[in-house]
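S.K.: Got a structure here, written out as C-alpha cells. Questions coming.
The values are calculated or read from the model by the stated rules, or taken from the named source; none is laboratory data. All of these numbers come straight from a predicted model, not from anything done at the bench. FYI the Cβ positions are ideal-geometry reconstructions off the backbone, even for glycines, and counts take in every protein chain you see.
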Amino acid sequence: MPEIVVIGAGPAGLSAAAAVRSHGQRVVLLDENPAAGGQIWRGERTAVAQGVETMFGTRALGIASAGMLLCETSESAVVLPFRKLVVATGARERFLPFPGWTLPGVFGAGGLQAMVKSGFPVDGKRVVVAGTGPLLLEVAEYLRSRGARIAIVAEQARWTSLIRFGLALRHAPSKMAQAARLAFSTLPRAGCWVTEVHGTEHVEAATLTDGRRTWREACDYVACGFHLVPNTEIAAVLGCHLEGGVVWTDDLHETSISGIYCAGEPCGIGGVDKSLIEGEIAGHAAAGRLPVARLFAKRARARRFAAALDAVTRLRPELARLAREDTIVCRCEDVPLSRIRECSDWRSAKLLTRCGMGPCQGRVCGSALESLFGWRPESVRPPVQPARAGTLAGLTGSA
Ligand SMILES: Cc1cc2nc3c(=O)[nH]c(=O)nc-3n(C[C@H](O)[C@H](O)[C@H](O)COP(=O)(O)OP(=O)(O)OC[C@H]3O[C@@H](n4cnc5c(N)ncnc54)[C@H](O)[C@@H]3O)c2cc1C
C-alpha cells in the first residue's frame with residue numbers, strides 16, 4: 001500500500017513521522033539534507049523514531065501524477081507513491097539588500113553558524129552579527145564558543161519591543177530563561193542596524209547606526225539575517241491554499257488539499273516547540289487518528305509565542321531604504337535596484353529584468369522585494385528548486 005510520506009526531517013517532520021509510526025502505519029521521511037535534524041539540530045542529537053523509513057539526500061520537487069511525488073537524488077529522479085503527505089519544509093533566513101551585502105564575508109547569520117558547524121574556522125575572527133530575531137543571539141553565542149570575537153550584536157527592534165516580547169514570555173518560563181541567558185551572554189544592542197558593508201575583495205568593516213549616531217566597526221565577517229521566511233513553495237506547487245504568506249490548515253493541520261497536511265514553519269514561524277507539536281498533531285491526523293486534547297493546549301501556547309515573535313521581528317521602515325540604485329537586489333541574475341524600480345509588480349520585474357529567475361528561484365530576492373515594495377509572487381511554478389532536465393520531464397505541476 002502507498003505510504004504516508006513526510007517531506008522534511010526537521011523537528012516538525014520527525015515528530016509527524018513518529019506519530020504516524022505510533023499507530024503502526026508505514027511512513028517514509030525524506031529530506032534533501034544527508035541527515036535528519038533540520039535547521040536547528042543538523043544531524044546532531046537527532047533520533048528518528050524506530051520503524052520510520054528514511055530517504056536522505058532526496059529533494060521533493062512536485063507531483064509526477066496523482067498520488068505520486070516527484071523527487072530527485074544526486075543520482076536520479078525518484079517517483080514516490082503516497083497515500084497522504086505531510087509537508088514540513090521549515091523556513092529560511094530573510095535577507096535584505098544594502099550596499100555591500102554581496103561582498104564575500106557577508107553571510108546569513110544561520111548560514112554562518114551552519115558553515116562553522118561543518119568546519120569553517122572563525123577562531124580569532126571579528127564578526128558583526130546583525131538583523132533581527134532570537135537566532136542572532138544563538139548565532140553570536142555559538143560563534144563566540146568557536147573562538148570568534150563578536151564586535152556587536154545589532155538588533156533592529158527597539159528596547160520597548162524587546163521588553164514587550166520579554167513580558168509575553170511570562171507564560172513560557174523556559175523560553176524566558178533561555179532568552180534572558182542569551183541576552184546576558186551576548187549583550188545585543190537594540191534599535192541598531194547595519195547600513196553598509198565595506199571592502200574591496202572581502203568584508204573589511206560595517207557601518208552601523210542607531211538612527212542618531214553612525215559609526216564603523218572593523219570586522220572579518222558580517223552575519224546578517226532578518227528573521228525567517230516560511231518555505232511554502234512545495235505546498236504551493238501541490239496546490240495548497242496560502243493565506244498571509246503561510247500555508248492555511250485546519251485544526252488538524254490538513255491543508256486545503258484533502259490528504260495533504262502541513263506542520264511547522266510553513267504554517268507560521270514559531271520556533272522548535274511549535275514545530276514539534278504541530279508535527280505530532282499532523283502525524284496523528286494523517287494516520288487517521290484524533291490527537292489527544294493536551295496537544296491543542298500546548299499548540300495554543302506555542303502560537304502565542306509565535307505571535308509575540310512576529311511582533312518583535314517586524315522590520316523598521318528604514319531597512320527598506322538602505323539599498324542604493326546600484327545595489328544588487330537579485331544576486332542570481334545581477335539585477336540592481338534601479339532596474340527593479342522600472343517595474344510595477346513581481347511579475348513585470350521577472351519579465352523585464354529576470355529578477356527571481358536564477359538558481360534560487362526568488363527564494364532570496366522574493367522576500368526582499370516583499371519588504372521593499374510589498375510585492376508577493378503571484379504563483380509558484382515547478383521546479384521550485386533547480387533540477388535536472390530528465391527529472392523535470394516527469395513533472396505535471398498539480399496535485
Ligand atoms: C539557517 C537557520 C538556522 C537556525 N538555527 C537555529 C538555532 O540554532 N536554534 C534555534 O532554536 N532555531 C534555529 N532555527 C529556527 C528553527 O529552524 C526552527 O525553530 C524550527 O526548528 C523549525 O523546525 P521545522 O521542522 O519546522 O523546520 P526545519 O528545521 O527548517 O526543517 C525543515 C526540513 O525540510 C527540509 N526540506 C525543505 N524543503 C525540502 C524539499 N523540497 N525536499 C526535501 N526536504 C526539504 C529541509 O532540508 C529541512 O531539513 C534556524 C533556522 C534557520 C533557517
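S.K.: The conditions are (1) modelled with pLDDT under 95; (2) outside the structural domain of Tyr221 (by TED's automatic domain parsing); (3) not hydrophobic (A, V, I, L, M, F, W, C), and Lys117 fails exactly one of them. Which is it?
M.R.: The number of the failed condition is (2).
S.K.: Further question: Mind checking which residues of the stretch 2-33 are surrounded by fewer than 24 Cβ atoms within 10 Å (Cβ to Cβ), in contact with a strand residue (DSSP E or B) (Cβ under 7 Å, 6 or more places away or on another chain) and over 25 Å from Met115 (Cβ atoms)?
M.R.: Matches in the stretch 2-33: Pro2, Glu3, Arg21, Gln25, Arg26, Val28.
S.K.: Looking at (1) within 10 Å of the ligand (Cβ to nearest atom); (2) part of a loop (DSSP other than H, G, I, E, B); (3) surrounded by fewer than 18 Cβ atoms within 10 Å (Cβ to Cβ); (4) not polar (S, T, N, Q), which one does Ala36 not meet, given that it meets all the others?
M.R.: That leaves (3) as the condition not met.
S.K.: Still on this model: Quick check: anything in the stretch 350-370 crowded, with 18+ Cβ neighbours inside 10 Å, farther than 30 Å from Ile257 by Cβ, out of contact with any strand residue (DSSP E or B) (no Cβ under 6 Å at 6 or more places or on another chain) and not small (Gly, Ala, Ser)?
M.R.: no
S.K.: crowded, with 19+ Cβ neighbours inside 10 Å, under 26 Å from Thr327 (Cβ atoms) and under 21 Å from the mean Cα position of the chain (by Cα) - does that describe any residue in the stretch 157-177?
M.R.: yes
S.K.: I've got another one for you. Inside the stretch 51-109, can you point out the residues that are charged (D, E, K, R) and free of Cβ contacts under 8 Å to residues at least 40 places away in the same chain?
M.R.: Scanning the stretch 51-109 gives a single hit, Glu75.
S.K.: A further question follows. So Leu252 ticks every box in (1) among the hydrophobic types (A, V, I, L, M, F, W, C); (2) crowded, with 18+ Cβ neighbours inside 10 Å; (3) modelled with pLDDT of 95 or more but one. Which box is left unticked?
M.R.: (2)
S.K.: Okay, next question. Taking the stretch 90-131, which residues are within 13 Å of the ligand (Cβ to nearest atom), within 17 Å of the chain's Cα centre (by Cα) and not in a helix (DSSP H, G or I)?
M.R.: The answer is Gly90, Ala91, Arg92, Glu93, Arg94, Phe95, Phe107, Gly108, Gly131.
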